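Single-structure report; data block below.
What follows draws every value from the coordinates through simple rules; no lab data is involved. Everything numeric here is computed off the predicted structure, so don't read it as measured data. No Cβ is skipped: glycine too gets one built from the backbone with ideal geometry, and neighbour counts run over all protein chains shown.
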Amino acid sequence: MTALNPNSNDYRFYELSFGKRPAEELYDINTDNGCIKNLANDPTYAELKTKLWQQLQAELVQQQDPRILGQGDTFDYYPNSKDERQQKLYGKPNYDPVAAYQAYLESKVKE
């Protein structure tokens, strides 16, 4: 499948497997249990899509999800148990992601 040419009739299967997903997805699992036909841009479902987004947004706010509260950059500093990538990124062999995350939180309080 990874050798498919973009001009091939079967390339859509590559896109379904490895392509980027759209920002919004909505499927009728009663008629499309494989979730192939995205209804998110269908005007027929606009009201339902709005209702579902409001429900999701309320849940995320209640859970204090940083992404919905405008603090998604929190994940850029999330402690990754001293992983090698972060040590290289910061050029510090003894980099402590937990301490870095704590410093990040403290800087947010000062803002």
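Multiplying the residue separation of Glu15 and Lys51 by 0.36 nm and subtracting their alpha-carbon distance yields 10.1 nm. Taking GluC sites (Glu not before Pro) across segment 1-59, the ones in a DSSP loop with at most 16 further Cβ atoms lying within 10 angstrom of their Cβ are Glu24, Glu25.
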